[in-house]
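Undergrad: Okay, handing you the structure first.
The values are calculated or read from the model by the stated rules, or taken from the named source; none is laboratory data. In this text, all values refer to a predicted model and were calculated from it rather than measured experimentally. Here the Cβ positions follow ideal geometry from the backbone for every residue, glycine too, while neighbour counts run over all protein chains shown.
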Amino acid sequence: RFRKAGLLTFGRTTSPEMAYSCSTESIFRGATRNPWNTGHTAGGSSGGSAAAVAAGVVPMAHANDGGGSTRIPAACCGLFGMRPSRGRVPIGPDADEGLNGLGIELAVSRTVRDSAALLDCVEGAVPGDPFIIEHPRRPYIEEVTADPGSLRVGLMVDPFGGGKTAPVVADAINKVAREMESLGHKVEISDAKLGVDWEEFILANARIWTVNLTGWINALAGATGRPIDETTLEEHILACYRYGSATSGVEFAAALGVRNAVCRSLGPWFARNDILMSPTIPTLPVELGWFAANSKGLDGLGWTALTFAVTPFTPVFNVAGLPAVSVPLAHDAASNLPIGVHFAAGFGREDVLFRLAGQLEKAMPWTSRKPRVWAGA
């Protein structure tokens, strides 16, 4: 679908090993640096795409999102990034939907318009897809300049798991909330519920992710003849592989039940509200090396818990299958790092997100900001 839209692929960007981290660092390729502050992460797993777009190499680049891998790099690098609703961008018939429906494809871009135009080109279910979603009422590119009206917005500054958002990020989110009120939106503290305990949510994701990872690695080993050990895999990947290999079918089925519980809890909330607003990540982008320093000796569950400690907002909407975006509406002058604001909407309501993001891009423009590393495209 990308090719049919006229897009040209001229290079391949970096990702962490097996796309299994929210920071794009690997032994094989080294660290992908944030163009705004090169000592910090560009995010992950689509960190190479985000760094390329942020540095002006290209206006947009492919990204996918199984737990935040589009939105987290977008937040780290000052870009717009969307994960569409489950089923909006199918990848069949040659492959099943990623991570049992948690993953989905699109891009990171400098403008809202570019992501909307790309989604117009690649969305749409076909016979045989496991998830069927209604076709949009009009092109998304038209939604970007449409009036969003007065939206009912729930504000969540701190994440579901009881953690705390850093003051610099919380202040930025609250400032954007006040701007939204001035635009006519009704912003109130969110009463949304996850539907399960946070620890149960982490455990379910650890099982879904690592079981899928185990399948990928087994397939690669079978195709290449390479061993599955320390000579071919990084320490945390091997630990997650072993965890997934030890997960039973009963445990995996229970994890899918948690997915259902989250959907059933958030679905009714979005029937009463239009938008759930939060930070994309609760801190500024971490320094390069942070994950390596904090992941020694962790198993698959421990790695997932560590990842969710620094990215607790985004994976909720992968599990729920809801559309969500990161919008670069704030910037920390002291560190010269972007701050992304996260907006989620009800199932199939990408149109609402594009209207709101288009309005905010006009009210709080960001494209004039340029990072220290800039190629000028």
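Undergrad: Name the pairs: first residue in segment 145-156 and among the polar types (S, T, N, Q), second residue part of a loop (DSSP other than H, G, I, E, B), Cβ to Cβ under 8 Å, at least 6 apart or on different chains?
TA: The qualifying pairs are SER150/GLY184; SER150/HIS185.
Undergrad: Conditions: (1) crowded, with 24+ Cβ neighbours inside 10 Å; (2) of a type outside the set (Phe, Trp, Tyr); (3) farther than 30 Å from MET364 by Cβ. ARG3 meets all but one. Number of the miss?
TA: ARG3 satisfies every listed condition except (1).
Undergrad: Here is a further query. Could we say that GLU181 is within 22 Å of ALA320 (Cα to Cα), surrounded by fewer than 18 Cβ atoms within 10 Å (Cβ to Cβ) and free of Cβ contacts under 8 Å to residues at least 60 places away in the same chain here?
TA: No.
Undergrad: Which count do you get for residues in segment 1-48 that are out of contact with any helix residue (DSSP H, G or I) (no Cβ under 6 Å at 6 or more places or on another chain), of a type in the set (A, V, I, L, M) and within 25 Å of ASP114 (Cβ to Cβ)?
TA: Within segment 1-48, residues that are out of contact with any helix residue (DSSP H, G or I) (no Cβ under 6 Å at 6 or more places or on another chain), of a type in the set (A, V, I, L, M) and within 25 Å of ASP114 (Cβ to Cβ) number 3.
Undergrad: Could you please let me know if ARG242 is touching a helix residue (DSSP H, G or I) at 6+ places or on another chain (Cβ under 8 Å) and either closer than 25 Å to GLY340 by Cβ or surrounded by 19 or more Cβ atoms within 10 Å (Cβ to Cβ) (or both)?
TA: Criteria not met by ARG242.
Undergrad: Among the residues of segment 207-237, count how many are within 21 Å of GLY30 (Cβ to Cβ), surrounded by 16 or more Cβ atoms within 10 Å (Cβ to Cβ) and without any contact (Cβ under 8 Å) to a residue 40 or more places away in the chain.
TA: Count: 0.
Undergrad: Scan segment 307-330 for residues that are over 14 Å from GLY44 (Cα atoms) and part of a helix (DSSP H, G or I) and jot them down.
TA: ALA309, VAL316, PHE317, ASN318, VAL319, ALA320
Undergrad: Determine the pairs where a residue that is more than 18 Å from GLY163 (Cβ to Cβ), located within segment 280-299, has a partner that is part of a loop (DSSP other than H, G, I, E, B) with Cβ atoms under 8 Å apart, the partner being 6 or more residues away or on another chain.
TA: Pairs that qualify, where the first residue is more than 18 Å from GLY163 (Cβ to Cβ) and the partner is part of a loop (DSSP other than H, G, I, E, B), are GLU287/GLY39; LEU288/SER23; LEU288/GLY39.
Undergrad: Let me ask something else about it. From (1) outside any helix (DSSP H, G or I); (2) farther than 22 Å from ASP65 by Cβ, pick out the condition that doesn't hold for GLY154.
TA: (2)
Undergrad: I need a count of the residues in segment 74-87 that are of a type in the set (D, E, K, R) and over 18 Å from VAL144 (Cα atoms).
TA: Of the residues in segment 74-87, 1 are of a type in the set (D, E, K, R) and over 18 Å from VAL144 (Cα atoms).
Undergrad: Further question on the same structure: Please find, within segment 147-162, the residue that is surrounded by the fewest Cβ atoms within 10 Å (Cβ to Cβ) out of those that are out of contact with any Ser or Thr (no Cβ under 7 Å at 6 or more places or on another chain) and charged (D, E, K, R).
TA: Among them, the one singled out is ASP147.
Rundown of residues vs (1) crowded, with 22+ Cβ neighbours inside 10 Å; (2) in contact with a strand residue (DSSP E or B) (Cβ under 6 Å, 6 or more places away or on another chain), yes/no style:
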residue	(1), (2)
VAL258	yes, no
VAL262	yes, no
ILE275	yes, yes
SER278	yes, yes
ILE281	yes, no
VAL286	no, yes
TRP290	no, no
LEU301	no, no
THR307	yes, no
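Undergrad: Scan segment 292-306 for residues that are among the hydrophobic types (A, V, I, L, M, F, W, C) and not in a loop (DSSP other than H, G, I, E, B) and jot them down.
TA: Answer for segment 292-306, where residues must be among the hydrophobic types (A, V, I, L, M, F, W, C) and not in a loop (DSSP other than H, G, I, E, B): ALA292, ALA293, LEU301, TRP303, ALA305, LEU306.
Undergrad: Step by step: first the residues of segment 238-253, then only those that are touching a residue at least 24 places away in the same chain (Cβ under 8 Å) and under 24 Å from the mean Cα position of the chain (by Cα), then the one that is farthest from CYS22 (Cα to Cα). Which residue is that?
TA: Ranking the qualifying residues of segment 238-253, first place goes to PHE252.
Undergrad: Report whether or not THR165 is assigned to a loop (DSSP other than H, G, I, E, B), of a type outside the set (D, E, K, R) and buried (at least 20 other Cβ atoms within 10 Å of the Cβ).
TA: yes
Undergrad: Name the residues in segment 245-256 that are β-branched (Val, Ile, Thr) and surrounded by 15 or more Cβ atoms within 10 Å (Cβ to Cβ), would you?
TA: The one that is β-branched (Val, Ile, Thr) and surrounded by 15 or more Cβ atoms within 10 Å (Cβ to Cβ): THR247.
Undergrad: Then there is this: Counting just the residues of segment 359-377 that are over 16 Å from VAL153 (Cα atoms) and part of a helix (DSSP H, G or I), which one comes out nearest to the chain's Cα centre (by Cα)?
TA: By that ranking, first place goes to GLU361.
Undergrad: Ok, one more. Evaluate segment 138-146: report whether one residue or more is under 28 Å from PHE308 (Cα atoms), at pLDDT 95 or above and surrounded by 17 or more Cβ atoms within 10 Å (Cβ to Cβ).
TA: No, there is no match, as no residue in segment 138-146 is under 28 Å from PHE308 (Cα atoms), at pLDDT 95 or above and surrounded by 17 or more Cβ atoms within 10 Å (Cβ to Cβ).
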